1. Run the numbers for Tyr352 and Ala96: contour at 0.36 nm per residue of separation, minus the present Cα-Cα distance, in nm.
2. With charges only on Cβ, +1 for K and R and -1 for D and E, what is the dipole size of the chain about its Cα centre, in debye, rounded to 20?
3. Could you work out which residue, out of Met251, Met197, Met43, moves most in a Gaussian network model of the chain, that is, has the largest mean-square fluctuation with Cα springs under 10 Å?
4. Under unit Cβ charges (Lys, Arg +1; Asp, Glu -1), what dipole magnitude, rounded to 20 debye, does the stretch 111-228 have relative to its Cα centre?
5. Going by accessible area, probe 1.4 Å, with all protein chains left in place, what is the ranking of Glu299, Glu259, largest first?
6. Apply the membrane-span-like helix rule to the chain: whole DSSP H runs, Cα extent along the own long axis of at least 18 Å, mean Kyte-Doolittle hydropathy at least 0.5. List the helices found.
7. Quick check on the chain: helices-only [θ] at 222 nm, where DSSP H runs of length 4 and up contribute -39,500 (n - 2.57) each and the sum goes over total residues. Nearest 500, please.
8. About the Cα centre of the stretch 229-360, what is the dipole size in debye to 20, counting +1 per Lys and Arg Cβ and -1 per Asp and Glu Cβ, all else neutral?
Amino acid sequence: YASDQGLLNTPAKRWWTLAALALALIAPFYLTRDLTLLVSMAMVFAISGIGLNLLTGYAGQISLGHPFFMALGAYTAAVVSGTPGSTVWGLELDLALALPLAALVPAIVGLLVAPLAVRVRGLYLAVLTLGLLMLGEQLFKQWASLTGGSGVGRRPAESVLFGNDLSVRYAVGPLILDRSIMLYLICLVLLIGLGLMARNLARSRTGRSFAAVRDRDIAAEIMGVNLLRTKTLAFVLSSAYAGLAGALMSMLIGRIVPEQWNIFLSIQLLAVIVIGGVATVTGSIIGAAFVVLLPRLLEWLAPYLPFISGGGKSGLISIFQLETLLFGALIIFFLTVEPRGLFGLWHRLRVYFKTWPFSY
């Protein structure tokens, strides 16, 4: 059983993992600056998607309020490590303190919200978390000393880690490290660490409790699973992941406005776990890459697609409309045909070639 439950239990998995890590480490030195930031954003979405998957995929608690906790993490980091202005707070501390607090503060808020959320489930829980998102959006618009106010916003946390200014270019042998590459590496390290933590949690007794509550909470309680503690832990962990992702996202964007933490971002995060794969860490990474990189791919293909408008030519729909249609169609497809998303398709393909020419 220990071998079967191992993270990298086959030589193929170990070699593919090493190859992916090597590719991820050398990629920013060959990509353009905008592509480096785009891949970094995909890793941030993956971190947030893993947190949402812990809550929705593993524990079965549907949430539409994930952007609220991302905003809490972004503003916590901005206050702790940001520059004070005439209207906004800022303590100018190091990122080494700001990033842990960006996860801790949303986790504490998640701990306070969890007793309300665990009393309902299904559609009622989704509406409750949607109400939390709407309440938070109005709160952030009015709390100008924290957020800068509606339509104005504020600067994110300053890029200073362990006393080193990441906005300065560093030379490490033949390699040149600028701000975009440094943020990329920070996102990569955090994604690997948090992904391993989530994967190990899913294999533990706590992860099995999550799955039992997701499949049938009444039966899980009869078997001795503490529903309040299990659901609360799922909310706390998910909120911590979201807060850290929000802090990183704000640093990549360069400006935080209250309007960006909205229902559309919540739909994007749900698309990450549905398209990538529910209850799988790898699926969260695949789904995040798909959701973030799809618009850029459509921009590249737009000149060759006659029905897309833009770039001086007329067409039936715009790139944004096509992106929305694809998201909706893919969500419907994976919910009805392949509930495990792109990861499920990859798993089927791998099993097919592994067992070929046999059909079982």
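1. 87.6 nm
2. With Lys and Arg at +1 and Asp and Glu at -1, about 780 debye.
3. Its mean-square fluctuation being the largest, the pick is Met197.
4. 240
5. From most exposed to least exposed: Glu299, Glu259.
6. Span-like helices in the chain: 11-26, 33-52, 66-81, 95-117, 123-142, 179-203, 227-253, 263-276, 281-301, 319-336.
7. So the helix-based figure for the chain works out to -22000 deg cm²/dmol.
8. So the magnitude is around 400 debye.
The values are calculated or read from the model by the stated rules, or taken from the named source; none is laboratory data. Bear in mind the structure is a predicted one, so any value in this text is a computation, not a measurement. Note: ideal-geometry Cβ built from the backbone for every residue, glycine included; neighbour counts use all protein chains shown. We work out accessible area using only protein heavy atoms, side chains counted, and drop any ligands, DNA or RNA first. Shrake-Rupley method; radii C 1.70, N 1.55, O 1.52, S 1.80 Å.
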